[in-house]
There are 2 protein chains.
Amino acid sequence: METISIGQFNLVYNAFSFAIAVMGAATAFFFLNRSQVAPVYRTAITITGLVTLIALYHYVRIFTSWNDDFSILNGAIKPTGKGFNDAYRYIDWLLTVPLLLVELILVMRLPAKESVAKATKLGLLAAIMVLLGYPGEISTDSGTRWLWWTLSMIPFTLIVIDLFFGLSKSIEAQPENARGLVSAARYVVVVSWLFYPIVYVFPMIGFTGSDAITAVQVGYTISDIVSKAMFGVLIYMIAARKSETEPAY
Amino acid sequence: METISIGQFNLVYNAFSFAIAVMGAATAFFFLNRSQVAPVYRTAITITGLVTLIALYHYVRIFTSWNDDFSILNGAIKPTGKGFNDAYRYIDWLLTVPLLLVELILVMRLPAKESVAKATKLGLLAAIMVLLGYPGEISTDSGTRWLWWTLSMIPFTLIVIDLFFGLSKSIEAQPENARGLVSAARYVVVVSWLFYPIVYVFPMIGFTGSDAITAVQVGYTISDIVSKAMFGVLIYMIAARKSETEPAY
């Protein structure tokens, strides 16, 4: 681990703690307010809460790993040599990124067969995207990072195309009071997911040493908060809006 | 404990952390979504959640035991001599393996008398199977391992025979929309359970030292995720599908 300033250490430390607070609160909100939406949308809200629960677990681990990797004594910081575990993020994404797409598909309430087909296709692409990113993430060589970044962008692009063109017809079929929100949810997925490949290239475009580490860790943390907790609130709002027009509710 | 490389240590460490995330998320899903199935199937879903909850507890213990067994300083790893506790897995299986069979029997909804008889018979056989495996697991002698492996395979074979021949008639009696899933659940039990005796023999067929330890720990972890969490999702899907045809639901 590179030498890092106390200011940088604290910035990352506080970003992780912020993420723990947000993911914990978001999980409690989704689980408690699940009963406020019509039964047909409750599975979507359960999954929404699982995503932030899994992220909560991993941010606690990431926070501990970061903390154990440095020792601060009398205002001086030095690495302990334990190493910061980058794998937590990728294990988290491997589980949560497919689930995020399942949330969106469930809240749209497509015909059962189409839901399963879409969830399987997009979920698999998302898992492949995450797996292809990892070998580059743990490399410090720019060429290796670009190679895996490029490979990972292939499933990413396929998901974006599917969300924009494959789902257009289904969005037209949404009840009018929810159509705008569902369409917005697609944009939130794409825009918040775009942060990840951008953060990934920080170390390849001039950020070096501790600046790169700080920018990557803070960048991923902000991206996770937007794409899991804020996106989840949007899913909840769609479910609540659509529940108003549920006949049996 | 054998010397182990940092890469192997981290692989096992991350596999255990992955299992904690999966078992925790699965438990939350089963407990929350239990209300989404008809009342007659809720006990099956409760048991499904208990299995992943018990596994969550044991993976936290296993993770801690693994972590305490090694110390990493300045990029070098060495055993602390505390020892890794293999018993956690067998205590877990002693509780969860009979419960897994109970899940399957409950979701099939056989006549009450038959359910109790089947659950007692299969549950006892499963407990005997786990108990017979343990003396071999803690032995490093190949002959001893083969002896207990063979003994443990006797109840294993009896369970497989019962699942395939004893349950055939009951599967015919399942509602049509769930028959395929129930039949698939039997295969998932048998195929995912087959991983265990295969992983068990790794140290007897050429894997040695830290390679054997790594292969066994990662192998059992994958088997547990498939046979508890993924199998549980299948049980949930069967319950949800069968709830659709419940007259009073």
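P(r) for the protein assembly as shown: what percent of alpha-carbon pairs falls in each 20 Å bin, starting at zero?
Histogram of Cα-Cα distances, whole percents per bin: 21, 51, 26, 1.
Any idea of the accessible area per residue across the protein assembly as shown, 1.4 Å probe, to the nearest Å²? Intermediate results must be reported in sequence, preceding the final value.
Working: 21600 Å² over 498 residues.
With all protein chains present, the protein assembly as shown gives 43 Å² per residue.
Size of the stretch B:5-57 along its principal axes in angstrom, Cα-based, largest extent first?
51, 14, 11
Using a 1.4 Å probe on the protein chains only, how many percent of the accessible area of the stretch A:64-213 belongs to carbon and sulfur? Could the numbers behind the result be given before it?
Details: 4860 of 7080 Å².
In the stretch A:64-213, the share of accessible area belonging to carbon and sulfur is 69 percent.
Residue farthest toward the positive end of the dipole of the protein assembly as shown, with Cβ of Lys/Arg at +1 and Asp/Glu at -1: which of B:VAL51, A:LEU167, B:PRO39?
Toward the positive end, the furthest listed residue is B:PRO39.
Once the convex hull of the C-alpha atoms of chain A is built, how many Å³ does it hold per residue, rounded to a whole number?
111 Å³
For the stretch A:119-167, what Kirkwood radius comes out of the mean inverse Cα-Cα distance, in Å?
On the way: mean 1/r = 0.0893 Å⁻¹.
This gives a value of 11.2 Å.
Relative contact order for chain B: what percent, with Cα pairs under 8 Å and sequence separation of 6 or more?
Values: 287 pairs, mean separation 62.8, N = 249.
Averaging sequence separation for qualifying contacts and normalising by length gives 25 percent for chain B.
Could you calculate, for the stretch A:210-249, the ratio of the Cα radius of gyration to the Kirkwood radius, expressed as Rg to Rh?
Working: Rg = 17.1 Å, Rh = 12.3 Å.
Computed over Cα atoms, the ratio is 1.39.
Per-residue ellipticity at 222 nm for chain B, helices alone: DSSP H runs ≥ 4 residues times -39500 (n - 2.57), over residue total, nearest 500 deg cm²/dmol?
Numbers: 9 runs with 183 residues, N = 249.
Dividing the helical sum by the residues of chain B leaves -25500 deg cm²/dmol.
Holding the Cα-Cα limit at 22 Å, pick out from A:LYS113/B:LYS228; B:LYS121/B:LYS169; A:LYS169/A:LYS242; A:LYS121/B:LYS242; A:LYS121/A:LYS169; A:LYS228/B:LYS228 the pairs that are longer than that.
Numbers: A:LYS113/B:LYS228 25 Å; B:LYS121/B:LYS169 17 Å; A:LYS169/A:LYS242 18 Å; A:LYS121/B:LYS242 26 Å; A:LYS121/A:LYS169 18 Å; A:LYS228/B:LYS228 26 Å.
Correct reply: A:LYS113/B:LYS228; A:LYS121/B:LYS242; A:LYS228/B:LYS228.
So what's the gap between the Cα centers of the stretch B:173-204 and the stretch A:205-240, to the nearest angstrom?
Measuring centre to centre over Cα atoms gives 39 Å.
Could you give the C-alpha radius of gyration of the stretch B:57-167 expressed as a fraction of 2.2 N^0.38 Å, taking N as the number of residues it contains? Mind dumping the intermediate values first?
Numbers: Rg = 18.4 Å, N = 111, 2.2 N^0.38 = 13.2 Å.
Compared with the compact-globule rule of thumb, the stretch B:57-167 sits at 1.40.
Taking the Cα atoms only, what angle lies between the long axis of helix B:231-244 and the longest principal axis of chain B, rounded to 10 degrees?
10 degrees
On a straight-distance basis, which aspartates and glutamates could pair with A:LYS82 in a cross-link, Cα separation under 12 angstrom, same-chain partners fewer than 8 positions away excluded?
Output for A:LYS82: A:ASP68, A:ASP69.
Report the A-B buried area as the accessible area lost on both sides summed, probe 1.4 Å, in Å² to the nearest 100.
Numbers: alone 11610 and 11630 Å², together 21600 Å².
Summing both sides, the interface buries roughly 1600 Å².
Where a ≥ b ≥ c are the square roots of the eigenvalues of the C-alpha gyration tensor, would you call the stretch B:1-140 rounded, which needs a/c under 1.5, or, failing that, prolate if a/b is larger than b/c, or oblate? Walk me through the intermediate numbers first.
On the way: a/c = 4.45, a/b = 1.85, b/c = 2.41.
Oblate, because a/c is 1.5 or more while a/b does not exceed b/c.
Taking every pair of Cα atoms in the stretch B:73-113, average 1/r, invert it to obtain the Kirkwood radius, and report Rg/Rh to two decimals.
Result for the stretch B:73-113 is an Rg/Rh of 1.43.
Calculate I(q)/I(0) for the stretch B:142-186 by the Debye formula, one identical point scatterer on each C-alpha and no solvent, and give its log10 at q = 0.15, 0.16, 0.22, 0.23 Å⁻¹ to two decimals.
The computed values of log10 I(q)/I(0) come out as -0.51, -0.55, -0.73, -0.76.
Out of B:LEU181, B:ASN10, A:LEU122, whose Cα points farthest toward the positive end of the dipole of the protein assembly as shown (charges: +1 Lys, Arg; -1 Asp, Glu; placed on Cβ)?
Of B:LEU181, B:ASN10, A:LEU122, it is B:LEU181.
So for the stretch B:103-249, what percent of the C-alpha to C-alpha distances run longer than 19 Å?
Numbers: 6279 of 10731 pairs.
Everything past 19 Å amounts to 59 percent.
As an exercise, find the ratio Rg/Rh for the stretch B:47-110 from alpha-carbon atoms, using the Kirkwood inverse-distance average for Rh. List each step's numbers first, then the result.
Details: Rg = 16.8 Å, Rh = 13.7 Å.
With Rh from the inverse mean 1/r over Cα pairs, Rg/Rh is 1.23.
Which whole-angstrom value gives the distance between the alpha carbon centres of the stretch A:72-129 and the stretch A:1-48?
13 Å
The values are calculated or read from the model by the stated rules, or taken from the named source; none is laboratory data. Every value quoted in this text rests on a predicted model; they were computed, and no experiment measured them. A quick note on method: Cβ atoms are made from the backbone with ideal geometry, for glycine too, and the neighbour counts reach across all protein chains shown. Note: accessible area is taken over every heavy atom of the protein model, side chains too, but ligands, DNA and RNA are not part of it. Shrake-Rupley method; radii C 1.70, N 1.55, O 1.52, S 1.80 Å.
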